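Trainee: Have a look at this one.
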Amino acid sequence: GAGVSQSPSNKVTEKGKDVELRCDPISGHTALYWYRQSLGQGLEFLIYFQGNSAPDKSGLPSDRFSAERTGGSVSTLTIQRTQQEDSAVYLCASSHWDSPEETDTQYFGPGTRLTVL
Amino acid sequence: AQSVTQLDSHVSVSEGTPVLLRCNYSSSYSPSLFWYVQHPNKGLQLLLKYTSAATLVKGINGFEAEFKKSETSFHLTKPSAHMSDAAEYFCVVSGGVTGGGADGLTFGKGTHLIIQP
């Protein structure tokens with residue numbers, strides 16, 4: 001079946017502009033996660049959605065970052081007033097909480113490479 | 001609290017020789033442990049997962065890992081390296097208490113595996 005998809009695959013923007021990154025999880029997966037991968041920081045957790053519950057935003061690096069998940073499926077990560085330090089690969093993952101064997105196995109998308117000039 | 005230490009940032013082996021990627025973890029709970037692989041410009045792919053059913057876990061592409069509680073280790077091995085194994089490998093620990101949630105997922109810094117012809 002289809003895996004996690006993300007768009008765009010690459011995004012180049014100018015400092016100060018807003019960007020939106022999209023994630024389409026595996027069908028039927030109720031949990032969705034955003035991570036950031038950069039050379040200096042490795043893989044950092046950003047935000048987590050479980051079904052229709054309020055998201056866990058504890059990993060967002062600043063108030064310029066926000067995310068929403070519509071209808072318990074597709075998610076959008078928005079970065080406002082982008083800065084050069086926001087340049088990174090943004091990864092999305094989903095997992096299937098209804099299966100005890102799969103509750104913490106996350107399946108990752110290919111990522112969006114963001115470059116802020 | 002939990003943490004993961006990948007003991008080598010780079011490992012270089014010759015094609016056809018064994019691979020050993022070392023990982024030590026720390027967790028207050030009975031953890032789930034994972035190895036993920038990331039090929040250049042690709043997303044993270046699950047190699048294998050330990051969830052206490054068996055201490056020796058077999059994964060895809062001939063990889064396996066052994067959970068050793070006394071040593072708090074989860075080293076990844078493969079008997080014979082192939083050129084296609086060249087990639088970045090991440091050891092990951094999940095809290096296992098809540099059965100999921102990104103706050104229970106901690107990534108190591110990664111080990112870059114180089115395969116010499």
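Trainee: So, R0 is 25 Å and r is the distance between the beta-carbons of B:K42 and A:E20; what FRET efficiency does that work out to, to 0.05?
Mentor: 0.65
Trainee: May I ask you to give the average projected area over all directions of the convex hull of the Cα atoms of chain B, in nm² rounded to one decimal?
Mentor: Across all orientations, chain B yields a mean hull projection of 6.9 nm².
Trainee: How large is ³J(HN,Hα), in whole Hz, for each residue of the stretch A:79-89 in order, when computed from phi with the Karplus curve 6.51 cos²θ - 1.76 cosθ + 1.60 and θ = phi - 60°, using x for Gly and Pro?
Mentor: Here the 3J(HN,Hα) series is 10, 9, 6, 4, 10, 4, 6, 7, 4, 4, 9 Hz.
Trainee: Along the positive direction of the dipole of chain B (beta-carbon charges: Lys, Arg +1; Asp, Glu -1; about the Cα centre), which of B:V57, B:P31, B:L46 reaches farthest?
Mentor: B:P31
Trainee: Another one. About the Cα centre, and with charges only on the beta carbon of Lys, Arg (+1) and Asp, Glu (-1), how big is the dipole of chain B? Nearest 20 debye, please.
Mentor: Rounded to the nearest 20 debye, it is 140 debye.
Trainee: So what is Rg over Rh here for the protein assembly as shown, counting just Cα atoms and using Kirkwood for Rh?
Mentor: A ratio of 0.97.
Trainee: Provide B:E88, B:E66 ordered by accessible surface of protein heavy atoms (probe 1.4 Å), highest first.
Mentor: Listed by decreasing accessible area, they come as B:E66, B:E88.
Trainee: Mean-square fluctuation check for chain A, GNM, Cα pairs under 10 Å: which of A:S38, A:S87, A:S62 is largest?
Mentor: Among A:S38, A:S87, A:S62, the largest GNM mean-square fluctuation belongs to A:S62.
Trainee: How large, in percent, is the carbon and sulfur part of the accessible surface of chain B at a probe radius of 1.4 Å?
Mentor: Carbon and sulfur: 52 percent of the exposed surface of chain B.
Trainee: Sticking with this structure for a sec: Order A:Y107, B:Y89, most accessible first, counting only protein heavy atoms with a 1.4 angstrom probe.
Mentor: A:Y107, B:Y89
Trainee: Right, another one. Bin width 10 Å, alpha-carbon pairs only: give the P(r) of the stretch A:1-91 as whole percents, running from 0 to the bin holding the largest distance.
Mentor: Once binned at 10 Å, the Cα pair distances of the stretch A:1-91 give 16, 51, 29, 4.
Trainee: Skip the ligands, DNA and RNA, and give the accessible area per residue of the stretch A:1-109 with a 1.4 Å probe, whole Å².
Mentor: The answer is 48 Å² per residue.
Trainee: Next up: Provide a list, ordered by number, of residues in the stretch B:47-69 showing at least 10 Å² less accessible area with every protein chain present than when their chain is taken on its own, using a 1.4 Å probe.
Mentor: Buried by the other chains: B:K49.
Trainee: What nm value, rounded to one decimal, do you get for the distance between A:E85 and A:S53 when each label is placed 7 Å out toward the C-beta?
Mentor: Between A:E85 and A:S53, the simple spin-label model gives 3.1 nm.
The values are calculated or read from the model by the stated rules, or taken from the named source; none is laboratory data. Keep in mind it's a predicted model, so treat the numbers as computed, not measured. All Cβ positions, even for glycine, are placed from backbone atoms using ideal geometry, and neighbour counts span all protein chains on display. Keep in mind that these areas ignore ligands, DNA and RNA; they rest on the heavy atoms of the full protein, side chains included. Shrake-Rupley method; radii C 1.70, N 1.55, O 1.52, S 1.80 Å.
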